[in-house]
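Only one structure is covered here, and it is reproduced in the block below.
The values are calculated or read from the model by the stated rules, or taken from the named source; none is laboratory data. Every value quoted in this text rests on a predicted model; they were computed, and no experiment measured them. A quick note on method: Cβ atoms are made from the backbone with ideal geometry, for glycine too, and the neighbour counts reach across all protein chains shown. Areas reflect the complete protein model, heavy atoms only, side chains present, ligands, DNA and RNA absent. Shrake-Rupley method; radii C 1.70, N 1.55, O 1.52, S 1.80 Å.
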Amino acid sequence: MDNGELRVGLVGYAFMGTAHSQAWRTVNRVFDLPVRARMVAICGRDEAKVAEAAGRLGWAEHLTDWRALVAREDIDVVDVCTPGDSHAEIAMAALTAGKHVLCEKPLANTVEEARAMTDAAAAARLAGVRSVCGFNYRRVPAVAFMRQLVEEGRLGTIRHVRAAYLQDWIVDPQFPLVWRLRREVAGSGALGDIGAHIIDLTQYVTGQRITGVSALTETFVKERPLPAASSGLSAVADTEYGPVTVDDAALFVARLDGGAVATYEATRFATGRKNALRVEINGSHGSVAFDLERLNELEFYDATLPETERGFRRILVTEPDHPYMSAWWPPGHILGYEHTFTHELRDFLTAIAAGEDPTPSFTDALQVQLVLDAVERSARLDSSWIKVEP
Ligand code: SOE
């Protein structure tokens, strides 16, 4: 840290790199924080593309070698927005070099890698170096408020958790074999990409951990055109195809350590559903439901009211007393997807300045990885019950 300034380097400039850049540009303009972030350098393999991205996204410099970025004296924070196959190497090198690390989700492609990253984070913590995993949906104000309601006991004992994350961007069998459909790059498919979000979100909101699962996964389209062949040439007879090596959909039931039972569904084949994340939690005193397509709202059913006055009501989560909202607009002026990343950075910078560990930690993210691994093992064993390592 230099004069209350944290100098940031970001690796990756695609969807997540763009979303994070927006948050780095915004965070100190919205929140009054004890430290300021300076956007020093962005890194990517393609020189022309990363140079263009640096200008467009607001980074002072660009580099093509992440090792050079991690070695720089004038970098305090490394933000990892690459595909999963490089998370472990980059994050561990950065931690070892004494840089605070924000790593996109899922933390890694395997439990082994996630464990090594967690060990590296624990060692770095001794030197005051912080690490966090980017489960950004925790930072939707309505989700954070849902957690508050659970913590305050407004739902009583939680019995049911119902979570679904539905997309449809690969329904077309001619959609190319992009990196997210290759196991060696992405680790898994819908499971790790979007299933990881609902695993983290439900555990965060309920404060309960998944202890065991019974799962099934499916890959509906087993071969797809290779990306190079798919641009305009996909109809020609010699189009080359490659195998899809990840799941298109993953479904599982689970038990949580507080006694709740849960269902999870993650799919990229829910035709018409673009990015539909829905979670419902039922407790002895009430229920809450959240829907990402209406992310400023929370449905709340309070079973402690007289029977004649009960019913799901819609809370618009935009009051100054709602999480994160006091820094934004007057009540009723709603937020969107990108704000979750700004809130993530607000919490990360606040924790660094306070000398505290931000959440979700790499340990929390390792636990999500253990659930992902249990789901895959269960699916391979005809949906047998698989316990998740505590
Ligand atoms: C995949 O389509 C994806 O972009 C995820 O990788 C993100 O984590 C999720 O927020 C939206 O969907």
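Ile170 meets the stated requirement of being within 11 Å of the ligand (Cβ to nearest atom) and either farther than 17 Å from Arg255 by Cβ or modelled with pLDDT of 95 or more (or both). Where residues in segment 193-228 are under 17 Å from the mean Cα position of the chain (by Cα) and farther than 24 Å from Thr157 by Cα, which of them is farthest from the ligand (Cβ to nearest atom)? Here the answer is Gly195. Yes or no: Gly128 over 25 Å from Thr340 (Cβ atoms) and either part of a helix (DSSP H, G or I) or in contact (Cβ under 8 Å) with a residue 40 or more places away in the chain (or both)? When the stated conditions are applied, Gly128 passes them.
Return the residue satisfying two criteria in turn: it lies in segment 145-165 and is assigned to a helix (DSSP H, G or I) and either β-branched (Val, Ile, Thr) or open to solvent by 10 Å² or more (accessible area, probe 1.4 Å) (or both), and of such residues it is nearest to Tyr301 (Cα to Cα). Before the answer, list the steps.
Residues of segment 145-165 that are assigned to a helix (DSSP H, G or I), as a first pass: 145-151.
Imposing the further condition that a residue be either β-branched (Val, Ile, Thr) or open to solvent by 10 Å² or more (accessible area, probe 1.4 Å) (or both) reduces the set to 145, 147-148, 150-151.
Values: Phe145: 14, Arg147: 15, Gln148: 15, Val150: 12, Glu151: 16 Å.
Top of the filtered list is Val150.
Just to be sure I understand, how many residues within segment 1-57 are of a type in the set (Phe, Trp, Tyr), surrounded by fewer than 21 Cβ atoms within 10 Å (Cβ to Cβ) and part of a helix (DSSP H, G or I)?
The total comes to 1.
Exactly one residue among Arg346, Arg377 is among the basic types (Lys, Arg), at pLDDT 95 or above and in contact with a helix residue (DSSP H, G or I) (Cβ under 7 Å, 6 or more places away or on another chain), and that residue is Arg346. Check whether at least one residue in segment 65-86 is assigned to a strand (DSSP E or B), open to solvent by 30 Å² or more (accessible area, probe 1.4 Å) and in contact with a helix residue (DSSP H, G or I) (Cβ under 6 Å, 6 or more places away or on another chain), and report yes or no. No - not one qualifying residue is present in segment 65-86. Selection of segment 87-108 for residues being open to solvent by 30 Å² or more (accessible area, probe 1.4 Å) and within 16 Å of the ligand (Cβ to nearest atom) yields an empty set. Across segment 342-369, the number of residues qualifying as among the hydrophobic types (A, V, I, L, M, F, W, C) and surrounded by fewer than 18 Cβ atoms within 10 Å (Cβ to Cβ) comes to 3.
Taking residues in segment 315-335 that are within 20 Å of Ser287 (Cα to Cα), and partners anywhere that are open to solvent by less than 80 Å² (accessible area, probe 1.4 Å) and among the acidic types (Asp, Glu), the pairs with Cβ atoms closer than 7 Å and at least 6 places apart or on different chains are Ile315/Glu297; Leu316/Glu297; Val317/Glu297. Residue check: Val111 meets all listed conditions (1) away from the ligand (no atom under 16 Å from the Cβ); (2) under 22 Å from Gly192 (Cβ atoms); (3) open to solvent by 40 Å² or more (accessible area, probe 1.4 Å) but one, namely (3).
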